[in-house]
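First comes the structure, then the notes that go with it.
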Amino acid sequence: MLIRNLQAAHTDVTGGRLCIRTDGARISEIAVDLLPLPGDEVVDGSHLIAVPGFVNSHHHFFQALTRCVPAAQQLRLFDWLRFHYPLWGNFDAEMFRAAYRLAMAELLLSGCTTSCDHHYLFPGAVAADLTRLEVECARELGLRFTLLRGSMTLGHARGGLTPDSLIENDADVLRDCERTVGAFHDARPFSMTQVHLAPCTPFNVTPELMRDTAVLARELGVRLHTHLAETADETDYCVARYGKRPLALMEEWNWVGPDVWYAHGIHFNDNEIAQLAATHTGVAHCASSNCRLASGRMRLRKLLQAGVPIGLAVDGCASNDSSNMLAELRMAMLVHRTPDDLEFFTARRVIDLATSGSAALLGRSDIGQLRVGMAADIVLFDGADLAYAGAADPVAALLFCAPTRPHTVIVNGKVVVHNRELLTADEREIASSAREQARRLLSKAN
């Protein structure tokens, strides 16, 4: 494919109207005035704005069926979880599949080409292999996918937040983590499926599982992920139960290092930020969810200036309540534009966080940039859209102006969205199925 004479592009290649040529799954050339080669599919880019495919570094796909539930709209995290746990316990395989496809479709239709999913809900009544089901859905839709095998093993009876009916056994979790990595993790460049290990939080996982998961992940050569420092309640819980703040627990459990990233990271103090930087431990920033649950505002500038690896993420659909990655970029830019930080949080800096920044958290050096040799994950927005009319800076307009659907989304060299429509599945069927399964789920709670 040859995309010619782009209106604008977010890349470190300089020049006028750039052209991008792909060769299979990789970007082979970026330059001015490239001429078509035999076999090239030529795309007129004169009205198109090219950015690297967005990379979502934290999500919970299953939550797509519990968006905007009235009773949970004004709740903070712990009460929000207490409300949702019994509801989520009613999930069946049909509901999971509908939620996976809904979240993935919404991600692709907002310019996200790679997403992880922190899947920690495994109801005992569901016999289906949910990890396989999720991988199959990603392959169907054409999303580059990172499965984070989550877990909850500390229930009410032992002082955790999660109902005992939803917890798993530590040994069973470890066995299934090893199975899942063996079945689906592909560490090769441009791989479409990877797996990392992700016990849920310090307040619903045993210390033993945290330690053992760290050992297992490093034996298997995969990464580690968990929620951390999301709320003041979490800090209070850790201090009351373990006598330590959350990050100190992570250090005790061998959960710091360049192969670890946390979700949220709102409540780190100065010393903890310095420790994150020194150990190259990363954090996924979830701006919308943090606002939705009144969890607080991440000290993003402080973290970035210290050298902490940072990516962006939409978080789960029940606390966002969306999988729209472009909207998440806009929120992340705007929520940090205080008088002291206005000049720091430019549109281009935020795009970098959502592309190369998130890719680094996932351990991927082959995605997240428009550069020769990188994966051909390219998103083209239509600069002729009404939303961008009158905008003098086309790249910045993607964040300053109202979010729009991308004109074209290319994942691993394959077009999965064209003319703002999903090509790999029927969007209307996905939405209809999700509505029906959400109705079934909510009816079980009444």
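When Ala327, Ala287 are screened for being surrounded by 24 or more Cβ atoms within 10 Å (Cβ to Cβ), under 29 Å from Gln74 (Cα atoms) and not polar (S, T, N, Q), only Ala287 passes. Selection of first residues in the stretch 266-285 that are assigned to a helix (DSSP H, G or I) and of second residues that are buried (at least 19 other Cβ atoms within 10 Å of the Cβ), restricted to Cβ pairs under 6 Å at least 6 apart or on distinct chains, gives the following pairs, ordered by first then second residue: Glu272/Leu247; Ile273/Leu303; Leu276/Val308; Ala277/Val308; Thr279/Val256. Among the residues of the stretch 116-143, those identified as under 15 Å from Asp176 (Cα atoms), assigned to a loop (DSSP other than H, G, I, E, B) and out of contact with any helix residue (DSSP H, G or I) (no Cβ under 7 Å at 6 or more places or on another chain) are Tyr120, Gly124, Ala127, Asp129. Taken over the stretch 2-22, the criterion of being closer than 21 Å to Ala347 by Cβ, buried (at least 17 other Cβ atoms within 10 Å of the Cβ) and of a type in the set (Ser, Thr, Tyr) is satisfied by Thr11 alone. Just a yes or no: is a residue in the stretch 341-348 outside any loop (DSSP other than H, G, I, E, B), at pLDDT 95 or above and in the same structural domain as Gly89 (by TED's automatic domain parsing)? Taking every residue of the stretch 341-348 in turn, at least one turns out to be outside any loop (DSSP other than H, G, I, E, B), at pLDDT 95 or above and in the same structural domain as Gly89 (by TED's automatic domain parsing). Scanning the stretch 223-249 for residues that are among the β-branched types (Val, Ile, Thr) and buried (at least 24 other Cβ atoms within 10 Å of the Cβ) yields one hit, Thr226. Answer with yes or no whether Val379 is surrounded by 15 or more Cβ atoms within 10 Å (Cβ to Cβ), under 19 Å from the mean Cα position of the chain (by Cα), among the aliphatic types (A, V, I, L, M) and farther than 28 Å from Cys291 by Cβ. Considered against the rule, which asks whether it is surrounded by 15 or more Cβ atoms within 10 Å (Cβ to Cβ), under 19 Å from the mean Cα position of the chain (by Cα), among the aliphatic types (A, V, I, L, M) and farther than 28 Å from Cys291 by Cβ, Val379 comes out as no.
Checking each residue of the stretch 211-234 against the condition of being among the hydroxyl-bearing types (Ser, Thr, Tyr), part of a helix (DSSP H, G or I) and more than 20 Å from Gly89 (Cα to Cα) gives at least one match. Could you grab me the full set of residues in the stretch 23-52 that are surrounded by 12 or more Cβ atoms within 10 Å (Cβ to Cβ) and charged (D, E, K, R)? Passing the criteria: Asp23, Arg26, Glu29, Asp40. Within the stretch 53-87, can you find the residues that are closer than 28 Å to Gly111 by Cα and among the aromatic types (Phe, Trp, Tyr)? If the condition is that a residue be closer than 28 Å to Gly111 by Cα and among the aromatic types (Phe, Trp, Tyr), then Phe54, Phe61, Phe62 are the ones that fit.
Filtering the stretch 397-426 to residues that are in a helix (DSSP H, G or I) and within 21 Å of the chain's Cα centre (by Cα) leaves Leu398, Leu399. Close Cβ contacts (under 6 Å, 6 or more residues apart or on different chains) running from residues in the stretch 288-302 that are under 13 Å from Phe345 (Cβ atoms) and basic (Lys, Arg) to residues that are assigned to a helix (DSSP H, G or I) and at pLDDT 95 or above comprise Lys302/Ile273.
The values are calculated or read from the model by the stated rules, or taken from the named source; none is laboratory data. Because the structure is predicted, anything quoted here is derived from the model rather than measured. Glycine also receives a Cβ, built like all others from the backbone with ideal geometry; neighbour counts cover every protein chain displayed.
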